[in-house]
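Undergrad: One structure is given below, represented as structure tokens, and several questions about it will come after.
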Amino acid sequence: MAAHLRRAALAGAATGLRSTVGLAALVNAKGPGLPAALRGAAARPAAAIGVATELVLDKLPFTGSRLEPPGLAGRLVFAAGAGAALARAAGRPVLPAAAVACVASLAAAKAGHDARAAAAERFPPLAVALAEDALAVALAAAAARA
């Protein structure tokens, strides 16, 4: 598999766990495939605020399931954006990378949901959620490395 597709899969998987982290990692790295607006001075702080907000909201009892249509739709949009940016940076076609990122996002959303529910039966739910946060950030950081 081409490097940009591997990176798209990583970004998609990160996005499946936490919707904003995949694209935010590319913004933080000032990824060359991003639109100019996402490489500007305000983009990095905005991305950091978005991720921080999501990490907090994820732990609140009123937060809906990531598997509900609004949660999945947002993940698909962010994953496709990350995949497209990685493809543009590599000078490759956008559609295959966006598709790989979307598929990885959907798979990770389901796997993350199920693993978190199972682990929360044996461990404190907050600890499980924080471990999932760490995994999402690590996957996103790996995707953003050139």
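Undergrad: Which condition number does A134 fail, the rest of (1) over 13 Å from the mean Cα position of the chain (by Cα); (2) without any contact (Cβ under 8 Å) to a residue 60 or more places away in the chain being met?
TA: Among (1) over 13 Å from the mean Cα position of the chain (by Cα); (2) without any contact (Cβ under 8 Å) to a residue 60 or more places away in the chain, the lone unmet condition for A134 is (1).
Undergrad: Related question: Hey, among E68, E54, which residue is of a type in the set (D, E) and touching a residue at least 24 places away in the same chain (Cβ under 8 Å)?
TA: Numbers: E68 fails: touching a residue at least 24 places away in the same chain (Cβ under 8 Å).
Being of a type in the set (D, E) and touching a residue at least 24 places away in the same chain (Cβ under 8 Å) holds for just one of E68, E54, which is E54.
Undergrad: Mind listing whichever residues of segment 1-38 are free of Cβ contacts under 8 Å to residues at least 60 places away in the same chain and either farther than 25 Å from V56 by Cα or touching a His at 6+ places or on another chain (Cβ under 9 Å) (or both)?
TA: M1, R6, P32, G33, L34, P35, A36, A37
Undergrad: Condition (residue is β-branched (V, I, T), at pLDDT below 95 and out of contact with any strand residue (DSSP E or B) (no Cβ under 6 Å at 6 or more places or on another chain)) applied to segment 60-72: is it met by at least one residue?
TA: Checked segment 60-72: at least one residue is β-branched (V, I, T), at pLDDT below 95 and out of contact with any strand residue (DSSP E or B) (no Cβ under 6 Å at 6 or more places or on another chain).
Undergrad: Of the numbered conditions (1) surrounded by 21 or more Cβ atoms within 10 Å (Cβ to Cβ); (2) within 12 Å of the chain's Cα centre (by Cα); (3) farther than 21 Å from V27 by Cα, A80 satisfies every one except a single condition; which is it?
TA: If we test A80 against (1) surrounded by 21 or more Cβ atoms within 10 Å (Cβ to Cβ); (2) within 12 Å of the chain's Cα centre (by Cα); (3) farther than 21 Å from V27 by Cα, just (3) comes out false.
Undergrad: Assigned to a helix (DSSP H, G or I) and surrounded by 17 or more Cβ atoms within 10 Å (Cβ to Cβ): is that true of G50 in this structure?
TA: Answer is yes for this residue.
Undergrad: Continuing with the same structure: Among the listed residues T20, T53, identify the single one that is touching a Phe, Trp or Tyr at 6+ places or on another chain (Cβ under 9 Å) and among the polar types (S, T, N, Q).
TA: Just one listed residue meets the conditions, T20.
Undergrad: Considering only segment 34-45, state which residues are assigned to a loop (DSSP other than H, G, I, E, B) and surrounded by fewer than 22 Cβ atoms within 10 Å (Cβ to Cβ). First the steps, then the outcome.
TA: In the first step, residues of segment 34-45 are kept if they are assigned to a loop (DSSP other than H, G, I, E, B); the result is 34-35, 39-42.
Matches in segment 34-45: P35, R39, G40, A41, A42.
Undergrad: Now for a separate question. State which residue is surrounded by the fewest Cβ atoms within 10 Å (Cβ to Cβ) when the search covers only segment 84-119 and only residues that are among the basic types (K, R) and part of a helix (DSSP H, G or I). Step through it out loud before you land on a result.
TA: Taking segment 84-119 first, the residues among the basic types (K, R) are 88, 92, 110, 116.
From what's left, part of a helix (DSSP H, G or I): 88, 110, 116.
On the way: R88: 18, K110: 14, R116: 17.
This residue is K110.
The values are calculated or read from the model by the stated rules, or taken from the named source; none is laboratory data. It should be emphasised that the depicted structure is a prediction, and the values quoted were computed from it without experimental measurement. Heads up, the Cβs are rebuilt from the backbone with ideal geometry, glycines too, and the neighbour counts pull from every protein chain shown.
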